[in-house]
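Trainee: Once you've had a glance at the structure underneath, I'll fire off some questions.
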Amino acid sequence: MRKLFLILCASTLMFSQTITLGVVPQQSPLKLAKKWSKVTNYLKEKTGYKIVFKTEKSIPTFEEQLYSGAYDIAYMNPYHFVVANHKQNYEAFTRANKNIVGILLAKEKSIPFTKDNLKGKTFLFPAPNAFAATLLTKFELKNHFNFDIDKEAKVLYVNSHDSVYKGISRDVGYIGGGIIRTFNNFKDKNDKDKLNIIYKTNEYPSHPIAFHPRLDKDIVKKIKDAFLSMPEDLTKTLSIKRFIKTNSDEYEIIKSVKPL
C-alpha cells in the first residue's frame, strides 16, 4: 500500500507541475498557438509533465520576458540564446537539424547591392535583434558590400516575419529581411507572388531550445528525449525535419555577428 501511495503521489506531482515553454513570435501568436499546442500535448504525453505554450505580441516583449527568466524552456533565435545564456544561464539542448539562413526579399527579381542604389531606401525587419532576418543580413551587407543599413538607409521594425513580407509586397519598404522557413510558411498568395528572394546569407546554427537552470535535470532529460524522438508528422507542423542534440558551445560563433 505504501509503495502504491508513493507512486500515486509522484504521479500527482508530475501533472501538477506546470512548465512554461516560451516561443519567439516570428509569426502571429494565434498561428504559433495552433502549431505549438500540438507540441505541448505531445510533450505532456511523453513526459507526464504539464507543459504550457507561451508567446508574446512582439519579439522585443519576448526578449524582455526571456532575459528576466520567465520561461522554463524556450525556443529562441541564436542571438537571443547568447544573451539569455549570459543573463540567466539558459542552456541549449536541442535544435532543428538544418542550419539557419537569412534572406532579403524585394519585388524586383534582382537588385544591385551598391551604395548608389541602396542609400536612403527603406528596409523592413521583424525586430532589432531577430538573428538571421535582421542581424545577419545587416552584418553581411556591411561586410560583403560595404553598406551600413543603419547609417545609410531607413529601417522599420514591423514585429513579425509575415509583416515584413506583406510590407514589401505592398510597397511599405524596398527590401525586407526574413528566413527561408517563415517565407515558405507565408500563405498569403496575393502578397507572396509579388516577392523574390534576392540574397541569402551564410549558414549558422538554427534556433535552439534551451532550459533555465531552475528546471530539474531529470525533467530536462525527459523533455530532451521527447524532442529527439518527436514523430515526423509533428515536426512538420513546425517546418522542421527533425530535432538534433546541441549545446551552448555551438552558439559561440554567434558572437562574431553581434558581440555581447
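Trainee: Note down the nm distance, to one decimal, between modelled labels 7 Å out along Cα→Cβ at Asp216 and at Val52.
Mentor: The modelled label-to-label distance comes out at 1.9 nm.
Trainee: Also: Among Tyr165, Val83, Leu141, whose Cα lies farthest out toward the positive end of the dipole of the chain, if unit charges sit on the beta carbon of Lys, Arg (+1) and Asp, Glu (-1)?
Mentor: Tyr165
Trainee: Let me know the charge dipole size of the chain about its Cα centre in debye, to the nearest 20, where only the beta-carbon of Lys, Arg (+1) and Asp, Glu (-1) is charged.
Mentor: Working: 42 positive and 26 negative charges, 129 e Å.
Dipole magnitude for the chain comes out near 620 debye.
Trainee: Could you order Leu260, Leu215 so the one with the most accessible surface comes first? Probe is 1.4 Å. Don't skip to the end; give the middle numbers.
Mentor: Details: Leu260 105, Leu215 10 Å².
Of Leu260, Leu215, the descending order of accessible area is Leu260, Leu215.
Trainee: Follow-up question, since we're still on this one. Given points 7 Å out from each Cα along the Cα-Cβ axis, report the His86 to Lys35 separation in nanometres with one decimal.
Mentor: Between His86 and Lys35, the label points sit 2.7 nm apart.
Trainee: What's the magnitude of the charge dipole for the stretch 118-260 around its Cα centre, counting Lys and Arg as +1 and Asp and Glu as -1 at the beta-carbon? Answer in Debye, nearest 20.
Mentor: Details: 25 positive and 18 negative charges, 32 e Å.
Charge dipole, the stretch 118-260, about its Cα centre: 160 debye, nearest 20.
Trainee: Now for a different question. Expected output is a single nm value to one decimal: the length gained when fully extending between Gln65 and Ser256, i.e. 0.36 nm times separation in residues minus the C-alpha distance. What is it?
Mentor: Length gained, Gln65 through Ser256: 66.3 nm.
Trainee: Of all the accessible heavy-atom surface of the chain, with the other protein chains kept in place and a 1.4 Å probe, what percent is carbon and sulfur? List each step's numbers first, then the result.
Mentor: Details: 6520 of 12690 Å².
C and S atoms contribute 51 percent here.
Trainee: Under 20 Å from a point placed 7 Å out from the Cα of Asn247 along the Cα-to-Cβ direction: which residues of the stretch 218-234 have their backbone N that close?
Mentor: 218-229
Trainee: Continuing with the same structure: What accessible area per residue, rounded to a whole number of Å², is obtained for the chain using a probe radius of 1.4 Å? Please list the in-between numbers first.
Mentor: Working: 12690 Å² over 260 residues.
Heavy-atom accessible area per residue stands at 49 Å².
Trainee: If you don't mind, another one. Which log10 I(q)/I(0) values does the chain give at q = 0.08, 0.12, 0.15 Å⁻¹ under the Debye formula, counting every alpha carbon as one identical point scatterer?
Mentor: Reported log10 I(q)/I(0), two decimals: -0.34, -0.72, -1.06.
Trainee: Next question, about the same structure. List the equivalent ellipsoid semi-axes of the stretch 21-69 in whole Å, largest first, each obtained as the square root of 5λ for an eigenvalue λ of the Cα gyration tensor.
Mentor: The answer is 21, 14, 5 Å, longest axis first.
Trainee: Please enumerate, by chain and number, the aspartates and glutamates with C-alpha under 15 Å from the C-alpha of Lys119, excluding those fewer than 8 residues away in the same chain.
Mentor: List returned: Asp148, Asp150, Glu152.
Trainee: From the Cα gyration tensor of the stretch 41-195, with a ≥ b ≥ c the square roots of its eigenvalues, which class applies: rounded if a/c is under 1.5, or else prolate if a/b is larger than b/c, or else oblate? Present the calculation step by step, with values, prior to reporting the outcome.
Mentor: Numbers: a/c = 2.35, a/b = 1.72, b/c = 1.37.
It comes out prolate by the Cα gyration axes.
Trainee: A follow-up question, please. Relative to the present Cα-Cα distance, how much length would full extension add between Lys119 and Val101 at 0.36 nm per residue of separation?
Mentor: Gain on stretching Lys119 to Val101: 4.0 nm.
Trainee: Also, quick follow-up: Here is the link list: Lys44/Lys236; Lys98/Lys221; Lys87/Lys121; Lys109/Lys236. Which ones come out longer than 26 Å on Cα distance?
Mentor: On the way: Lys44/Lys236 19 Å; Lys98/Lys221 22 Å; Lys87/Lys121 36 Å; Lys109/Lys236 29 Å.
The answer is Lys87/Lys121; Lys109/Lys236.
The values are calculated or read from the model by the stated rules, or taken from the named source; none is laboratory data. What you see is a predicted model; the values in this text were computed from it and never measured. So basically every Cβ, Gly included, is an ideal-geometry build from the backbone, and we count neighbours across all protein chains shown. With ligands, DNA and RNA removed, areas are computed over all heavy atoms of the protein, side chains included. Shrake-Rupley method; radii C 1.70, N 1.55, O 1.52, S 1.80 Å.
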